[in-house]
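Enquirer: Mind having a look at this structure? Questions to follow.
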Amino acid sequence: MNSKLKVLIILFPFLYLLHDLEEIMTIESFIEAKSTLIPFRVTTGEFALAFTLLWIVASIGCIKAFAGKPFLKMKPATYLSFLVPGILLANGI
């Protein structure tokens with residue numbers, strides 16, 4: 001694995017955390033403002049818990065991928081090819 005990819009792997013959890021901190025702080029007001037479009041409610045605590053669990057799993061996978069070890073029976077490149085689009089898709093939903 002080349003060094004540029006390793007840098008991106010190890011930066012991903014930190015960048016993901018920075019990105020989602022803003023969403024954690026604004027989720028309740030956003031859902032309240034869009035209450036006619038979004039048929040459910042999520043508290044800041046619920047959203048933060050869901051994010052934290054996902055972040056822990058993603059971070060463990062990134063650390064293992066950085067070390068060149070498989071995670072969830074996937075080679076590092078395969079794990080990353082599922083992780084990044086999966087996180088982006090989850091943020092879009």
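Enquirer: Which one of these is modelled with pLDDT of 85 or more and within 19 Å of residue 22 (Cα to Cα): 53, 72?
Expert: Answer to the selection: 53.
Enquirer: Now for a different question. Residue by residue through segment 43-61, note down the ones that are loosely packed, with under 13 Cβ neighbours inside 10 Å, within 21 Å of residue 33 (Cα to Cα) and not acidic (Asp, Glu).
Expert: 43, 45
Enquirer: Sticking with this one: Filter segment 26-47 down to residues that are closer than 20 Å to residue 88 by Cβ and either in a helix (DSSP H, G or I) or in contact with a Phe, Trp or Tyr (Cβ under 9 Å, 6 or more places away or on another chain) (or both) and give me whichever is modelled with the lowest pLDDT.
Expert: Within segment 26-47, the match that is modelled with the lowest pLDDT is 38.
Enquirer: Turning to a different aspect of this structure: Find all pairs meeting these conditions: Cβ atoms under 8 angstrom apart; at least six residues apart or on different chains; first residue within segment 4-30 and farther than 23 Å from residue 65 by Cβ and open to solvent by less than 60 Å² (accessible area, probe 1.4 Å); second residue outside any helix (DSSP H, G or I) and of a type in the set (A, V, I, L, M, F, W, C).
Expert: Close Cβ pairs satisfying both conditions: 27/42.
Enquirer: Right, here's the next one. So which of 88, 72 is on the phi > 0 side of the Ramachandran plot, without any contact (Cβ under 8 Å) to a residue 12 or more places away in the chain and open to solvent by 80 Å² or more (accessible area, probe 1.4 Å)?
Expert: After ruling out the rest, the residue left standing is 72.
Enquirer: Separate question: Kindly establish whether residue 78 is of a type in the set (S, T, N, Q), surrounded by 14 or more Cβ atoms within 10 Å (Cβ to Cβ) and more than 16 Å from the chain's Cα centre (by Cα).
Expert: Against the criterion (of a type in the set (S, T, N, Q), surrounded by 14 or more Cβ atoms within 10 Å (Cβ to Cβ) and more than 16 Å from the chain's Cα centre (by Cα)), residue 78 qualifies.
The values are calculated or read from the model by the stated rules, or taken from the named source; none is laboratory data. It should be emphasised that the depicted structure is a prediction, and the values quoted were computed from it without experimental measurement. Cβ coordinates were reconstructed from backbone atoms using ideal geometry, including for glycine residues, and neighbour counts include every protein chain displayed. Calculation scope for accessible area: heavy atoms of the full protein, side chains included, ligands and nucleic acids excluded. Shrake-Rupley method; radii C 1.70, N 1.55, O 1.52, S 1.80 Å.
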